[in-house]
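See below for the structure under consideration.
The values are calculated or read from the model by the stated rules, or taken from the named source; none is laboratory data. Everything numeric in this text was worked out from a predicted model, so none of it was measured. Glycine gets a Cβ as well: all are built from the backbone with ideal geometry, and neighbour counts include every protein chain shown.
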Amino acid sequence: MAVYIYEICDEVGSVKKGTLEAESEAAAVSQLRSSGDYIISVKEGGRSLSFVPSKPTGISWLEKIRSKDLVVFNRQLSTMISSGLSLVKSLSVLSEQTESPKLSRTLKEIIADIKGGTSFSEALAKFPRVFSRIYISMIRAGEIGGVVENILNRLALLLEKEEKIKREVKAATLYPKLLITLAIGGALFLVIFVLPNFLTMFAELDVPLPLPTRILMALISFITTEKYIMAGVILSGVIGLAGYLKTEKGKFNYDRLKMRLPIIGNLVSKVVISRCCRMLGILYSSGVPLLEALEVAREVAGNRVVARTFSEVKKNVEEGKSIAQPLEASNIFPPMTVHMIRAGEEAGALDTMLAKISDFYDEEVESSVKSLSSMIEPLLLGVVALIVGFVAISIFFPMFDMINAVKVG
């Protein structure tokens, strides 16, 4: 029995290290895979069986590549592979043709690794800041199932859909972001440079001030006199929150909160459900075993609440039970989605149903993004109008009283 040092990634993305005894490397790998965790590396006597490097290699600035470049790269790679070119030849051509020097150098390192005997997914995994977990996991699943060509074709569609959604979200939130920035900047300018002069003048007057003016004076006085205490409280809160979000419980609760927010939560849930269903449908229809497809869907869910649900789904499938049952019990997937998956299982058309669910939620996401913009803009304008109105009332009412007092005098 030899001792092996392993490094694994659990269902919520937490990396764990440990040791185990096994008769061979294959036995060690088999033992780790039986736990359902994603294997990063296994080492014995200084020799490493690397599945996914735990630390990115290469030069760090090579890994910051625009998502648009990756979408174009994957579409071209998919087309070349489908045309009969070998993987190395296709990557070589793309490394010369790409407009991104960073991507070109990254591809050349990947080509060198593949020629050295490394699998495509393992070579990609050396650049986790370039290629997402979704991308690497799907390529790895395609290699296991011998359907890399199909996976590349579907990955191209997946990446293009996600890039489209990102563009729509950015376009829809651009105006609200600008409005919030201008509102905060204007408020700070008034509080720091304008209002203190007015309020000092009002304080010197021997006249009763209206309630809005007294509230504004107290607020500005507190901000200016207790600014160090406020800064300390805010900084402590930020540090404490950042520390909590680094814990597994904090990450899980944060993902759950994102799905429960009044307006944004519905959009987040739709995006996650669409991604998981499309991923599962692509892998399953490409011939990847269902358990392996569920494992990849769990890894790339991007949400720990949904990842936990897929862990329950995988356990059910291993016991010969239905996929729909744990999805229904989770209260995350809508009843319509659960019924469609159950119907797909019973009819033997699970991949078709998953594709239809993904298409439906993609349309829902597009509709939600448009409605989100139309809802946020008037809401923000209302908030800004209330703030401006409150400040105007606080300043002008005392000025009217001063003018009336002068006229009477």
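Key figures
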quantity	calculated
Criterion (in the same structural domain as residue 200 (by TED's automatic domain parsing) and surrounded by 13 or more Cβ atoms within 10 Å (Cβ to Cβ)) met by exactly one of 232, 240, 250	250
Criterion (over 21 Å from residue 76 (Cα atoms), within 32 Å of the chain's Cα centre (by Cα), assigned by TED's automatic domain parsing to the domain that holds residue 383 and at pLDDT 75 or above) met by exactly one of 218, 172, 183	183
Subset tally (residues that are surrounded by fewer than 18 Cβ atoms within 10 Å (Cβ to Cβ), over 16 Å from residue 364 (Cβ atoms) and among the hydrophobic types (A, V, I, L, M, F, W, C)) for segment 322-337	1
Tabulated pairs, segment 139-150, first within 17 Å of residue 85 (Cα to Cα), second among the hydrophobic types (A, V, I, L, M, F, W, C) and part of a helix (DSSP H, G or I), C-beta under 6 angstrom, 6+ apart or interchain	149/81
Number of the exception - residue 312 against (1) surrounded by fewer than 21 Cβ atoms within 10 Å (Cβ to Cβ); (2) of a type outside the set (S, T, N, Q); (3) at pLDDT below 85	(3)
Considering residues of segment 72-95 that are on the phi < 0 side of the Ramachandran plot and part of a loop (DSSP other than H, G, I, E, B) only, the residue surrounded by the fewest Cβ atoms within 10 Å (Cβ to Cβ)	83
Helices (runs of 4 or more DSSP H) wholly inside segment 232-346 containing at least 2 residues that are over 17 Å from the mean Cα position of the chain (by Cα) and among the aromatic types (Phe, Trp, Tyr)	none
So residue 220, is it touching a Pro at 6+ places or on another chain (Cβ under 7 Å) and in a helix (DSSP H, G or I)	yes
Residue count, segment 49-99 (criterion: among the hydrophobic types (A, V, I, L, M, F, W, C), modelled with pLDDT of 80 or more and closer than 24 Å to residue 165 by Cα)	5
Some residue of segment 194-209 being surrounded by 13 or more Cβ atoms within 10 Å (Cβ to Cβ) and within 30 Å of residue 372 (Cβ to Cβ)	no
Single unsatisfied condition, residue 118 versus (1) of a type in the set (Ser, Thr, Tyr); (2) in a helix (DSSP H, G or I); (3) surrounded by fewer than 20 Cβ atoms within 10 Å (Cβ to Cβ)	(2)
Selected residue (criterion: nearest to the chain's Cα centre (by Cα)) from residues of segment 126-164 that are among the β-branched types (Val, Ile, Thr), at pLDDT 75 or above and part of a helix (DSSP H, G or I)	136
Selection from segment 284-298 of residues that are at pLDDT below 75 and buried (at least 24 other Cβ atoms within 10 Å of the Cβ)	288
